[in-house]
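**Student:** Right, I'll just put the structure down here and ask away after.
The values are calculated or read from the model by the stated rules, or taken from the named source; none is laboratory data. Because the structure is predicted, anything quoted here is derived from the model rather than measured. Glycine gets a Cβ as well: all are built from the backbone with ideal geometry, and neighbour counts include every protein chain shown. When the accessible area is computed, the model is the full protein with side chains, heavy atoms only, and any ligands, DNA or RNA have been set aside. Shrake-Rupley method; radii C 1.70, N 1.55, O 1.52, S 1.80 Å.
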Amino acid sequence: MTSRIGWHRVTTGWQQRQQARQQERQRRKQEQSRRERQREKEQEKRTEEGKKSSGRGPGPWLRAGVVVLALAGMVAFGVVLARLTLQPSPASEMLTHANLRPGDSIRAYLGQPAFRDTVKQLGGNILLGVPFGLLLPLVSPRSRGFVNIALLTVATMLLVELVQGALITGRAFDIDDVLLNTTGALLGYALVGRRLGRAVYPRRREG
């Protein structure tokens, strides 16, 4: 009789342990299923947000129109730039000289007795670079960013200054003009161009 009771206790204890293990496995499966459902919901949410983000901004036709207008603006600006910088000035031939030291011409501009002449020289060179910061972000999204705007402006204005110094009568290469033009481009990009670029080419979030 005693052995039967002992065996019954052993059997009952084994069954309880098995049930506990089975319940633990079921609990783990339920927890894993809950986590998988949560991950799927989060993935669906990110995908939906990505779709909404990619849907913002102008349509392809409107974007193409903006790019065409920006290119036309760049061409018009190029014409104006050529007239302002590549126009011969024989009367100034004896007064012009090349400047390869940054800051020399800027100090000369600041030292002019007439404040109007200072504003004309400094402000004119800065304004001449502003269209780069406004139009380049509209032409291509790859041109966005302060570094890209600065590099493109420097490359363009260096070429202009080299042509001036080598081929145009009464004109000379001036590194300070390049610096002032680049400053204007960065100001134009910081104030307006960056916002325009983001409006035309909104950044897409990965789902």
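**Student:** Between R203 and L62, what length comes free when the chain is fully extended (0.36 nm per residue of separation minus the Cα-Cα distance, one decimal in nm)? Provide the component values of the computation, followed by the final result.
**Tutor:** Working: separation 141, 0.36 × 141 = 50.76 nm, distance 1.68 nm.
Between R203 and L62, full extension yields an extra 49.1 nm.
**Student:** Using a simple charge model, +1 on the beta-carbon of Lys and Arg, -1 on the beta-carbon of Asp and Glu, nothing else, what dipole does segment 115-185 show about its Cα centre, in debye to the nearest 20?
**Tutor:** 260
**Student:** Restricting attention to segment 156-207, which trypsin sites (Lys or Arg not before Pro) occupy a DSSP loop and are surrounded by at most 13 other Cβ atoms within 10 Å? Numbers along the way, then the final one.
**Tutor:** Numbers: sites: R171, R194, R195, R198, R203, R204, R205; in loops: R171, R203, R204, R205.
Passing both the DSSP loop test and the Cβ count: R203, R204, R205.
**Student:** Multiply the residue gap between Q26 and L162 by 0.36 nm, knock off their C-alpha separation, and tell me the result in nm, one decimal place. It would help to have the intermediate numbers written out before the result.
**Tutor:** Numbers: separation 136, 0.36 × 136 = 48.96 nm, distance 7.84 nm.
Full extension of this stretch gives 41.1 nm more.
**Student:** Same structure, new question: Modelled label-to-label distance, Q18 and L151, 7 Å Cα→beta-carbon offset: nm?
**Tutor:** Those two pseudo-labels are separated by 7.2 nm.
**Student:** Sorting check: for 35-43, 131-139, 61-69, which peptide has the highest mean count of neighbouring beta carbons within 10 Å, and how do the rest follow? Write down the numbers at each step before the final one.
**Tutor:** Numbers: 35-43: 10.1, 131-139: 24.1, 61-69: 12.6.
Averaged packing, sorted descending, gives the order 131-139, 61-69, 35-43.
**Student:** For the charge dipole of segment 90-207, defined by +1 on Lys and Arg C-beta atoms and -1 on Asp and Glu C-beta atoms about the Cα centroid, which residue among L122, Y189, V160 has the Cα displaced farthest towards the positive pole?
**Tutor:** Of the candidates, Y189 comes out farthest on the positive side.
**Student:** Next up: What residues qualify as long-range amide H neighbours of N99, i.e. H under 5 Å apart, gap of 5 or more or another chain, H built at 1.01 Å from N?
**Tutor:** Those lying under 5 Å, H to H, from N99 are F173, D174, I175.
**Student:** Multiply the residue separation of S89 and R39 by 0.36 nm, subtract the distance between their alpha-carbon atoms, and state the gained length in nm to one decimal. Present the calculation step by step, with values, prior to reporting the outcome.
**Tutor:** Details: separation 50, 0.36 × 50 = 18.00 nm, distance 7.09 nm.
That pair, S89 and R39, stretches by 10.9 nm at full extension.
**Student:** What accessible area per residue comes out for segment 118-207, rounded to a whole number of Å², with a 1.4 Å probe?
**Tutor:** Values: 4630 Å² over 90 residues.
Per-residue value: 51 Å².
**Student:** Let me ask something else about it. Given contacts defined as C-alpha pairs under 8 Å and at least six residues apart, what's the relative contact order of segment 53-193, whole-number percent?
**Tutor:** On the way: 172 pairs, mean separation 51.7, N = 141.
Taking the mean separation of contacting Cα pairs over the length of segment 53-193, I get 37 percent.
**Student:** Tabulate in residue order the Karplus-calculated ³J(HN,Hα) for segment 178-186, using 6.51 cos²θ - 1.76 cosθ + 1.60 with θ = phi - 60°, rounded to whole Hz; enter x for Gly and Pro.
**Tutor:** 5, 5, 5, 4, 5, 4, x, 5, 5
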